[in-house]
């Protein structure tokens, strides 16, 4: 299988959410005491994973944006934390995903959609790579401009390929949320988890390649492996 040649480890997306839920429950996270937040691309082919998140965690807070990059800032996380269940130990979970299409021959950036045999993903990242020399300043493209600005700050002179850009995008979100949550949760003694991965569209299925994940509890950071 092509995915086995590209990634050391990958799961069907439903299996990944189930596995992550089981691992988190070992640390006291459950449906009743935890609220989940999700940041992924707005793309319609990404949305199936939300069904799995809701199955295990109930209604969730949606941080989604173009390319799945986090753009809600500190205020977004403050609002999210204000929705934590009232419990002895306040808990929350953040799922972070970027995505990429891979066709049957292993070509990056290509996927199938309903009624479209050959489409692209992630469209926002492909557009970014195609327009590195220019940022559209039109107001109606303000969200894409913000995504582009965040990406440009992380890219050196060497232009990354689509896979590397997908990883950079996830790292930007992960680092920003980790830094902000560390400051916000410390004062309120909140236990939280950040679970991240790359959502891969291959043939007619979605998979998840697990990336950095951890739990922060009792002032300690505990790495999660999947």
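The values are calculated or read from the model by the stated rules, or taken from the named source; none is laboratory data. Since this is a predicted model, take the numbers as computed values, not measurements. In this analysis, Cβ positions are derived from the backbone assuming ideal geometry, glycine residues included, and neighbour counts consider all displayed protein chains.
Just a few scattered comments:
- Scan segment 80-107 for residues that are touching a residue at least 60 places away in the same chain (Cβ under 8 Å) and within 20 Å of residue 60 (Cα to Cα) and the total you get is 13.
- Residues being without any contact (Cβ under 8 Å) to a residue 24 or more places away in the chain, touching a helix residue (DSSP H, G or I) at 6+ places or on another chain (Cβ under 7 Å) and more than 21 Å from residue 7 (Cα to Cα) - total across segment 108-129: 0
- A count restricted to segment 144-177 and to residues that are surrounded by 21 or more Cβ atoms within 10 Å (Cβ to Cβ) and modelled with pLDDT under 90 stands at 2.
- Check on residue 167, within 18 Å of the chain's Cα centre (by Cα), part of a helix (DSSP H, G or I), under 21 Å from residue 95 (Cβ atoms) and in contact (Cβ under 8 Å) with a residue 40 or more places away in the chain: yes
- Residue check for residue 195: buried (at least 18 other Cβ atoms within 10 Å of the Cβ) and closer than 19 Å to residue 35 by Cα: yes
- Selection status of residue 118, within 24 Å of residue 52 (Cβ to Cβ), outside any loop (DSSP other than H, G, I, E, B) and either in contact with a strand residue (DSSP E or B) (Cβ under 8 Å, 6 or more places away or on another chain) or modelled with pLDDT of 95 or more (or both): no
- Cross-chain or 6+ apart pairs with Cβ under 9 Å, segment 1-19 first and in contact (Cβ under 8 Å) with a residue 40 or more places away in the chain, then assigned to a strand (DSSP E or B) and surrounded by fewer than 16 Cβ atoms within 10 Å (Cβ to Cβ): 12/205; 13/205
- Filter pass, residue 84 being touching a strand residue (DSSP E or B) at 6+ places or on another chain (Cβ under 6 Å) and in a loop (DSSP other than H, G, I, E, B): yes
- Of all residues in segment 25-40, those being out of contact with any helix residue (DSSP H, G or I) (no Cβ under 9 Å at 6 or more places or on another chain) and in contact (Cβ under 8 Å) with a residue 12 or more places away in the chain number 4.
- Against the conditions (1) more than 16 Å from residue 101 (Cβ to Cβ); (2) surrounded by fewer than 18 Cβ atoms within 10 Å (Cβ to Cβ); (3) modelled with pLDDT of 95 or more, residue 183 satisfies every one except (3).
- Scoring residue 43 on the criteria (1) farther than 30 Å from residue 183 by Cβ; (2) touching a residue at least 60 places away in the same chain (Cβ under 8 Å); (3) surrounded by fewer than 19 Cβ atoms within 10 Å (Cβ to Cβ) leaves a single failure, condition (3).
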